[in-house]
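J.: Please read through the structure below; I'll follow up with questions.
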Amino acid sequence: MGHRKSAGHLAALFTIIIWGTTFIFTKVLLTDFKPVEILFFRFVIGFAALFLVCPHRLKAVDRGQEAIFVLAGLCGICLYYLLENIALTYTMASNVGVIISVAPFFTAVLSRVFLKAEGKLRANFFIGFVVAMAGVALISINGSKLELNPVGDLLAVLAAFVWACYSILTRKISSFGYPVILTTRRTFFYGILFMVPALFFFDFEMGLERFADVTHLWGILYLGLGASALCFVTWNLAVKALGAVKTSVYIYMVPVITVVTSVLILKEPVTWVSVMGTFLAVAGLFLSEYSGKGSGNNEGKRPSGAEKGSPFSH
C-alpha cells in the first residue's frame, strides 16, 4: 500500500511538472494557431499515440460504464479546455490562474457526495486550501492587478468545476478494473467527438503545412505526446492510487512550476512576491496532503462493486 501511494504521488508530481511547462509551447503555437486548433491537434495526436502503444479494444463495457466514459470525455477533454481558453479571451490570465486553482475544493465537495469511500475531510485540507490559494494568488497577480471580469471569471469557475467532475469520474473509472491506457484512450475519443462541433464555431482550419515549421512541430508533439497522452495516463494512475481529492491538490503546484520554468527558460526575473507565493502554494499542498487518517483513509482501496454505477473530470 505504501509503495502504491508513493508511486501515486510521483505520478501526480510528474504530471504537474509537465502541465506547468505547457504554457511555453502553447505560447509559441498561438502565433499561428487558434486555441481550438491546438486543442484538437494535441488530443488527436494523444489518441493516436495511445492507440499505437496499446491497440487492443476495451471489451465488456456496460451501458452505465460507457456513460461515465462519455461524461469524462465531455468534462476533462472538451469542456475544461474550451472554457479555459474562452475565459482567457474575456479576462486576464492572472484571474484564470487563481480561479482554476479552486478545482481541488470543488473536487472535495463532489467527493463527499459521490465518493463516500474517500473518507471525511479534516480541517487541515481546508487550511491547506486557503494557504495554497493565497500563494497561487500572489504568483498569478505578481506584477499585475486583479480585475473582475464577470463573464471570463465565471467561465473560469465553470472550468474548475468541470475539472473537478472529471476527477470524480476518473476515480469511478478506476474502479472498473480496466487498463489505464485503454480507459484514457476511450475518454480521449469522446472528448474529441464533443470537440468537433466547436471546431466549426471557432473557424477551425486544418492547415497542416504549418507543422513544416520545426518549432511548431516540436511544440504540438510535446503537447500531444507529453501533456496529453502520457500525462493523462499518469494523472489517472495517480487518481487510482491516491483518490480524487489527494491527487487534485497537486493543481496548486501548476503556478509554481510555471514560475520556475519562466525563470530558468525564459530568464524572467525572480521577485519576492513570486517566492512568497511559491512557498505558500507548496505549504498548502503539504497541509492538504498530510492531514491525518481522516483525509481519505480509505483511498487506494479498491471500491466495492456497489459503487461502480455512480458517476465520477482532473
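J.: Can you confirm whether Val239 is assigned to a helix (DSSP H, G or I), modelled with pLDDT under 85, out of contact with any Phe, Trp or Tyr (no Cβ under 6 Å at 6 or more places or on another chain) and not small (Gly, Ala, Ser)? Before the answer, list the steps.
T.: Working: assigned to a helix (DSSP H, G or I): yes; modelled with pLDDT under 85: no; out of contact with any Phe, Trp or Tyr (no Cβ under 6 Å at 6 or more places or on another chain): yes; not small (Gly, Ala, Ser): yes.
No.
J.: Quick check, is Lys120 touching a Gly at 6+ places or on another chain (Cβ under 9 Å) and of a type in the set (D, E, K, R)? Write out each step before concluding.
T.: Details: touching a Gly at 6+ places or on another chain (Cβ under 9 Å): yes; of a type in the set (D, E, K, R): yes.
For Lys120, the condition - touching a Gly at 6+ places or on another chain (Cβ under 9 Å) and of a type in the set (D, E, K, R) - is met.
J.: Which ones in segment 1-23 are more than 17 Å from the chain's Cα centre (by Cα) and either within 24 Å of Leu208 (Cα to Cα) or of a type outside the set (Ser, Thr, Tyr) (or both)?
T.: The initial filter retains those residues of segment 1-23 that are more than 17 Å from the chain's Cα centre (by Cα), namely 1-7.
Selection gives Met1, Gly2, His3, Arg4, Lys5, Ala7.
J.: Please go through segment 197-221 and pick out each residue that is buried (at least 16 other Cβ atoms within 10 Å of the Cβ), over 23 Å from Leu79 (Cβ atoms) and among the aromatic types (Phe, Trp, Tyr).
T.: Within segment 197-221, just Phe211 meets the criteria.
J.: Listed residues Ser228, Ser167; which is buried (at least 24 other Cβ atoms within 10 Å of the Cβ), part of a helix (DSSP H, G or I), touching a Ser or Thr at 6+ places or on another chain (Cβ under 6 Å) and polar (S, T, N, Q)? Don't jump to the end; show me each part of the working.
T.: On the way: Ser228 fails: touching a Ser or Thr at 6+ places or on another chain (Cβ under 6 Å).
So the residue among Ser228, Ser167 that is buried (at least 24 other Cβ atoms within 10 Å of the Cβ), part of a helix (DSSP H, G or I), touching a Ser or Thr at 6+ places or on another chain (Cβ under 6 Å) and polar (S, T, N, Q) is Ser167.
J.: Within segment 44-69, count every residue that is surrounded by fewer than 17 Cβ atoms within 10 Å (Cβ to Cβ) and assigned to a helix (DSSP H, G or I).
T.: Number satisfying all stated conditions: 9.
J.: Just the residues that are in contact with a Gly (Cβ under 6 Å, 6 or more places away or on another chain) and either farther than 17 Å from Tyr81 by Cβ or in a loop (DSSP other than H, G, I, E, B) (or both), please, taken from segment 6-29.
T.: Filtering segment 6-29 down to residues in contact with a Gly (Cβ under 6 Å, 6 or more places away or on another chain) leaves 18, 25, 28-29.
Hit for segment 6-29 is Val28, nothing else.
J.: Between a first residue in segment 180-208 that is of a type in the set (D, E, K, R) and a second residue that is surrounded by fewer than 16 Cβ atoms within 10 Å (Cβ to Cβ) and not in a helix (DSSP H, G or I), which pairs have beta carbons less than 6 Å apart while being 6 or more apart in sequence or on different chains?
T.: No pair meets every condition.
J.: Just give me the residues in segment 246-285 being over 16 Å from Val130 (Cα atoms), over 15 Å from the mean Cα position of the chain (by Cα) and polar (S, T, N, Q), in sequence order.
T.: Of everything in segment 246-285, those that are over 16 Å from Val130 (Cα atoms), over 15 Å from the mean Cα position of the chain (by Cα) and polar (S, T, N, Q) turn out to be Thr261, Ser262, Thr271, Ser274.
J.: Pull up segment 249-267, narrow it to residues that are farther than 14 Å from Ile17 by Cα and either in a helix (DSSP H, G or I) or charged (D, E, K, R) (or both), then point me to the one that is modelled with the highest pLDDT.
T.: So the residue we want is Val263.
J.: Can you tell me which of (1) farther than 23 Å from Tyr190 by Cα; (2) part of a helix (DSSP H, G or I) is the one Asp32 doesn't meet?
T.: Of the numbered conditions (1) farther than 23 Å from Tyr190 by Cα; (2) part of a helix (DSSP H, G or I), the odd one out for Asp32 is (2).
J.: Of all residues in segment 184-205, which are charged (D, E, K, R) and either within 30 Å of Arg57 (Cα to Cα) or in contact with a Ser or Thr (Cβ under 9 Å, 6 or more places away or on another chain) (or both)? Even if it seems obvious, please write down each step before you answer.
T.: Within segment 184-205, the first condition is being charged (D, E, K, R), and the residues that meet it are 185-186, 203, 205.
Answer for segment 184-205, where residues must be charged (D, E, K, R) and either within 30 Å of Arg57 (Cα to Cα) or in contact with a Ser or Thr (Cβ under 9 Å, 6 or more places away or on another chain) (or both): Arg185, Arg186.
The values are calculated or read from the model by the stated rules, or taken from the named source; none is laboratory data. Keep in mind it's a predicted model, so treat the numbers as computed, not measured. Note: ideal-geometry Cβ built from the backbone for every residue, glycine included; neighbour counts use all protein chains shown.
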